[in-house]
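Please read the structure below before turning to the comments.
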Amino acid sequence: MRCELSVNVDHVATLRQARGGVEPVPAEAARLSLGAGAAGITVHLREDRRHIQDHDVREIRVLCTEARAELNLEMALTEEMLGIACDLKPERVTLVPERRAELTTEGGLDLARYGDSVARAAARLSNAGITLSLFLDPEPTLAPMARAAGAAMVEIHTGAYSNGRDSAAAERELGRIELAAHAFESAGMTVHAGHGLTVRNVGALLKRYPFTELSIGHTIVSRSVEVGMAQAVREMLEAMRRL
Ligand code: PXP
């Protein structure tokens, strides 16, 4: 089964928010991404609304419905976000930890601490017909906890791999990711991955485990400045399928 791409368009909104204006438009970047072969769109509606705004999620919801593509809403586990999700009904919610001062999502969800709240959220999301995914560190011991909490999917945090200081560090991280991916799969969950992936490091990751989907944002939005969004998405898909 080939690996699909969900394009994260948060940083199109980051550019817009830098001037507090109306351009560029994340929904337009999403439309171009789907046209270039992405299977879905990811947005992270942060509590502080630093990039994606509520109206972006509504616009991208409509777009994904029209294109029969998957909307993956990344969010913190809060009452406000659960309400928004149950109202907008993305195909998938990915729960992520959120700290206001961080530049980007720094680590996976702490399941030992928040497992019970995740299980309650899972029940609410399931009633709304939404699939629950959890953003987790590459740690095999999290597999039974994630399953017990009601997750159908996990997204493995690849940040430590992507930011590995040298090839030995990257190789160590690939080993951890591979082990964790098999543990999540054995526990009955679909396994995705994301964070910091680029056309340079995605191939080695996909050689280690056949991920169903990757969530990739910053590098595609950055490259789009040089070649346009559609070409940036095509280049990523090419790198993912060049195995
Ligand atoms: N997955 C999750 C859960 C994330 O928080 C992010 C960053 O917003 C990504 C994937 C995409 O990471 P990047 O923008 O580095 O490709």
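Please compute one quarter of the surface area of the Cα convex hull for the range 18-80 and express it in square nanometres. Averaging across all directions leaves 4.6 nm² for the Cα convex hull.
Calculate I(q)/I(0) for the range 159-243 by the Debye formula, one identical point scatterer on each C-alpha and no solvent, and give its log10 at q = 0.13 Å⁻¹ to two decimals. Here log10 of I(q) over I(0) equals -0.43.
Label sites at Arg58 and Ala169, each approximated as a point 7 angstrom past Cα along Cα to Cβ, lie 4.4 nm apart. With the convex hull of its Cα atoms as the shape, the chain has an orientation-averaged projected area of 12.3 nm². Take the range 68-150, drop everything but the C-alpha atoms, weight them equally and run the Debye formula without solvent; then report log10 I(q)/I(0) at 0.12, 0.21 Å⁻¹ to two decimals. Debye intensities relative to I(0), on a log10 scale: -0.33, -0.99.
Every number here is computed from the coordinates shown, using simple stated rules; none is lab data. None of these values were measured; they are calculated from a predicted model. Backbone-built Cβ (ideal geometry, glycine too); neighbour counts: all protein chains shown.
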